[in-house]
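These notes concern the structure reproduced below.
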Amino acid sequence: MSLKKGLLGRQTSKTERLCALTDGVYAIVITLLVLDLKAPEAPDLSEAQLIRDMIELLPNFLSYLISFVVIAVFWIRHHGIFRYLERCNTTTFGLNFIHILLVSLTPYTASLFGQYEEDPLVVMLFSGSLGLAGLSLLLMHRYVASKPDWHTAEAPSSWKAPSWFVTYPAPIFALGSVLIAIINVTAAVAIWFLLPILALVVLRR
């Protein structure tokens with residue numbers, strides 16, 4: 001890895017290894033999510049029993065679907081950050097590690113939600129972890145955007161000054177979900193289905 005001389009906080013390096021590590025974490029997280037979807041183990045199930053067991057697994061499928069879509073949006077945003085970034089430093093590494101720490105909690109909180117989907121506290125934990133992961137991504141983007149010497153020549157102005165709500169809405173969705181969970185758990189979960197719709201609108205601009 002090529003390093004420039006200077007103080008530890010001012011040393012810069014290329015972004016390849018950071019992105020490779022992060023891609024690996026995202027891949028593992030998505031794999032762990034699907035492992036929570038388990039087929040009924042009882043032999044010789046009747047069709048009615050199989051349908052009943054699958055209906056009981058609907059919360060697991062729901063938590064998987066929400067988590068997968070949100071993680072996919074995070075990965076696209078992460079890719080968008082480093083697409084226009086040639087260099088980074090140890091502070092960037094730290095912010096990125098905080099981000100992947102929060103992302104790696106998703107399989108656990110999704111599994112909790114799959115088992116205790118009617119518990120407001122579990123929904124708050126599930127939404128809160130996703131919101132913090134999205135917030136960490138925004139903070140990292142804001143940090144690297146403030147370093148013009150690291151940017152590629154193709155970096156657009158919208159990338160250099162990202163809209164915190166349009167580009168990174170997950171913290172707002174999470175806050176809304178946490179507050180709504182106090183009153184209605186179903187509505188608190190349903191709010192997450194608006195995120196991919198907003199993401200598609202933004203990505204098509």
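Helices in the chain, meaning DSSP H runs of at least 4 residues, each add -39500 (n - 2.57). Divided by all residues, the mean residue ellipticity at 222 nm is -22000 deg cm²/dmol. Compared with the dominant Cα axis of the chain, that is its longest principal axis, helix 120-145 is turned about 20°. For the peptides 17-25, 170-178, the ranking by packing is 170-178, 17-25, with the highest mean count of neighbouring Cβ atoms within 10 Å listed first.
In the chain, the longest principal axis of the Cα atoms and the axis of helix 106-115 are about 20 degrees apart.
Among 104-116, 128-140, 151-163, 54-66, how do they line up from the highest to the lowest mean number of other beta-carbon atoms within 10 Å?
With the highest mean Cβ count within 10 Å placed first, the list reads 128-140, 104-116, 54-66, 151-163.
About the centre of its Cα atoms, segment 57-194 shows a dipole size close to 440 debye [charges on the beta carbon of Lys, Arg (+1) and Asp, Glu (-1) only; nearest 20 debye]. Among the lysines of the chain, pairs at least eight places apart or on separate chains and with Cα atoms under 30 Å apart come to 9.
On average, how much accessible surface per residue is there in the chain, in Å², for a 1.4 Å probe, leaving out ligands, DNA and RNA? Walk me through the numbers on the way to the answer.
Details: 11650 Å² over 205 residues.
With the other protein chains kept in place, the chain gives 57 Å² per residue.
The phi-based Karplus calculation (6.51 cos²θ - 1.76 cosθ + 1.60; θ = phi - 60°) puts the 3J(HN,Hα) values of segment 86-94 at 8, 9, 8, 9, 5, 5, 4, 4, x Hz, whole numbers, x for Gly and Pro. Can you tell me the 0 to 90 degree angle between the C-alpha axis of helix 58-83 and the longest principal axis of the chain, rounded to 10? In the chain, helix 58-83 runs at an angle near 10 degrees to the longest axis. The candidate values are (i) 1.22; (ii) 1.01; (iii) 1.05; the one derived from this structure for Rg/Rh (Cα atoms, Kirkwood Rh) carries the label (iii).
The values are calculated or read from the model by the stated rules, or taken from the named source; none is laboratory data. Keep in mind it's a predicted model, so treat the numbers as computed, not measured. Positions of Cβ are generated from backbone atoms using ideal geometry, with glycine treated the same way; all protein chains shown enter the neighbour counts. Surface accessibility is based on the protein's heavy atoms, side chains included, excluding ligands, DNA and RNA. Shrake-Rupley method; radii C 1.70, N 1.55, O 1.52, S 1.80 Å.
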